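> There's a structure below that I have some questions on.
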Amino acid sequence: MGAVIMAMGKNKTGIMAAITAATETSKDGASDRAHRTLPKGTIGSVRAGLGGIQDIDTNLILAWGPKDRLDIELTAVNSAAPNESIKDLATSIADAGQQVPVLLRPSKDRDGHFEIIYGQRRILACRHLGIPVRALIRTLDDTDALMAKGLENAGRAELSYYERVRFAHAILEQGYSRAEACQALAISKNTLSQLERINRLVPLAVGEAIGAAPGAGRPKWTTLATAFEKVQLSEEGVMGVLGQSGDLDSDGRLDLVLKEIGKRGKQERSVEERSPVPGVQIKSGKSGLSVTVKRAGENTRFADWLDQNLDQLIQDSFDRFQSESHEG
């Protein structure tokens with residue numbers, strides 16, 4: 001844990017230095033032009049403000065990088081139906097102004113446009129209000145931009161556990177290393193493995209249908225992942241349950257699905273047990289087949305022999321199965 005904190009602190013120092021460089025101003029405290037590090041094409045898109053903060057038209061801002069949120073999506077057009085959290089934030093900004101600037105970088109692909117590093121909820125709120133967003137602009141490379149995005153999320157503690165699951169997956173999907181993913185999320189390798197396990201076991205459609213579930217932490221999502229791993233739940237069955245969730249919020253939908261585990265687990269507990277020879281027990285159920293051979297007493301020599309020959313016995317049985325299947 002200490003190593004993670006140290007790594008996070010080191011990254012934060014570097015990123016904060018980069019951001020600070022983007023806010024340099026003239027001696028009188030104001031800037032009459034875009035920052036000197038910005039590409040020439042973006043200068044006309046920036047209106048300078050105090051402290052290096054710029055007023056940016058939200059229609060000039062493009063999405064960038066691994067997606068870290070499930071409930072909002074930044075697009076190049078105004079959203080006709082912003083969700084409730086964006087409306088609430090817009091009301092707050094209308095009443096008290098935008099207190100915290102967002103971080104942008106100039107777009108490499110579209111002249112005069114910017115890519116968002118962090119602050120998409122603030123951008124959407126300002127877009128809803130029809131006002132420019134207050135922003136810091138810095139020419140960060142992809143790695144530094146990812147670190148800044150992760151540090152902002154960690155510092156503001158805004159992402160739910162499942163959003164962290166998806167954010168970690170998105171980071172790795174875009175070609176970043178596991179070490180970079182750990183740095184961006186300020187987590188250990190073990191924690192990253194836990195996030196990856198949940199992403200692997202919980203079907204994407206189910207996760208998106210449940211949503212961010214901001215009140216749910218690792219235990220609930222781990223329980224859900226384990227239920228899918230043990231075939232106590234199926235994607236089709238869960239989607240059917242979620243289709244009847246009515247007006248439940250995201251946390252309510254997750255709890256509804258978790259209740260299904262007990263119901264379906266009881267239905268699937270019918271397991272047939274048999275012992276063809278002493279010391280050998282076979283269990284056959286809907287979700288699997290297991291064979292247990294006791295290694296004790298007179299059975300020890302047989303268990304040892306079976307251990308040495310089991311791979312070949314299974315291979316021979318599989319070959320026989322294939323042969324009989326083709327004949328049939």
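Any read-out appearing in this document is the output of simple, stated calculations on the displayed coordinates, not a laboratory observation. Computed from a prediction, not measured in an experiment: that's the story for all the values here. Here Cβ is always computed from backbone atoms with ideal geometry, including for glycine, and neighbour counts include all displayed protein chains.
> List every residue whose amide H lies under 5 Å from the amide H of TYR118, counting only residues 5 or more places away in sequence or on a different chain, with H placed 1.01 Å from N in the peptide plane.
Under 5 Å from the amide H of TYR118 lie the amide H atoms of LEU103, each far enough along the sequence or on another chain.
> Let me ask something else. Using a simple spin-label model with points 7 Å from Cα along the Cα→Cβ vector, what separation in nm is obtained for THR91 and ARG295?
Inter-label distance under the simple model: 6.6 nm.
> Give the share of C-alpha pairs in each 10 angstrom bin for region 91-249, from 0 to the last occupied bin, in whole percents, shortest bins first.
9, 31, 31, 22, 7, 0
> Something else about it: Tell me which residues come under 5 Å, amide H to amide H, from ARG138 once H is placed; ignore anything under 5 positions away on its chain.
The answer is LEU104, ARG105.
> Can you run phi through the Karplus equation (6.51, -1.76, 1.60; θ = phi - 60°) for region 308-318 and list ³J(HN,Hα) in whole Hz, with x for Gly and Pro?
Once θ is set to phi - 60°, the couplings for region 308-318 become 6, 10, 4, 4, 5, 4, 5, 4, 4, 5, 5 Hz.
> Scaled to the compact-protein estimate 2.2 N^0.38 Å, what is the alpha-carbon radius of gyration of region 158-271, rounded to two decimal places?
1.11
> Here's something else I'd like to know. I'd like the Karplus ³J(HN,Hα) series for region 278-289: coefficients 6.51, -1.76, 1.60, θ = phi - 60°, whole numbers in Hz, and an x wherever there's a Gly or Pro.
Running phi through 6.51 cos²θ - 1.76 cosθ + 1.60 with θ = phi - 60° gives x, x, 10, 10, 10, 10, 10, x, 5, 9, x, 10 Hz.
> Show the residues, 5+ positions off or on another chain, whose built amide H is closer than 5 Å to the amide H of GLY112.
Residues meeting the criterion, in which the H sits 1.01 Å from N, are THR42.
> Considering Cα pairs under 8 angstrom that are at least six residues apart, work out the relative contact order of region 158-271 and quote it in whole percent.
This gives 28 percent for region 158-271.
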